[in-house]
Amino acid sequence: MSEAKTTSEARTRLTLDLSARLNAAVENYAETHGVSKAEVLRNALTFLLKAERAAEEGMTVGAWKDDPVNNRRVERDLGIGTISGNI
């Protein structure tokens, strides 16, 4: 009889120190979206790794919206692939 790995065996526990500002942001996001703080951080890291890979392939990683009133696109480069202390 084979034994399947349990979820706890497939994961590694991590202790993380966050600033009060980041912790509040994680808590707020988790509460707003009905997920755990751990899930917020797992999703954020997954997004960061995918965005970094895209940046390494020469892509620009950012956000944008179309402004139909002024007939233009408003863009914001997210700076993925760089380290910023202003988070």
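The values are calculated or read from the model by the stated rules, or taken from the named source; none is laboratory data. For clarity, every value in this text was computed on a predicted model and none was experimentally measured. When we count neighbours, we look across all protein chains shown, and the Cβ atoms used for this are built from the backbone with ideal geometry, even at glycine.
Side notes on the structure shown:
- Looking across the range 1-50, the residues that are in a loop (DSSP other than H, G, I, E, B), modelled with pLDDT of 95 or more and over 26 Å from Gly79 (Cα atoms) come down to Gly34, Val35, Ser36.
- Pairs are defined by a Cβ separation below 8 Å, a sequence spacing of at least 6 or placement on different chains, a first member in the range 46-72 that is in contact (Cβ under 8 Å) with a residue 12 or more places away in the chain, and a second member that is part of a strand (DSSP E or B) and surrounded by 10 or more Cβ atoms within 10 Å (Cβ to Cβ); the pairs so defined are Thr60/Asp77; Val61/Asp77; Gly62/Glu75; Gly62/Asp77; Ala63/Glu75; Trp64/Val74; Trp64/Glu75.
- Whichever residue in the range 62-84 is modelled with pLDDT of 80 or more and under 14 Å from the mean Cα position of the chain (by Cα) and, among such residues, is surrounded by the most Cβ atoms within 10 Å (Cβ to Cβ): Gly62
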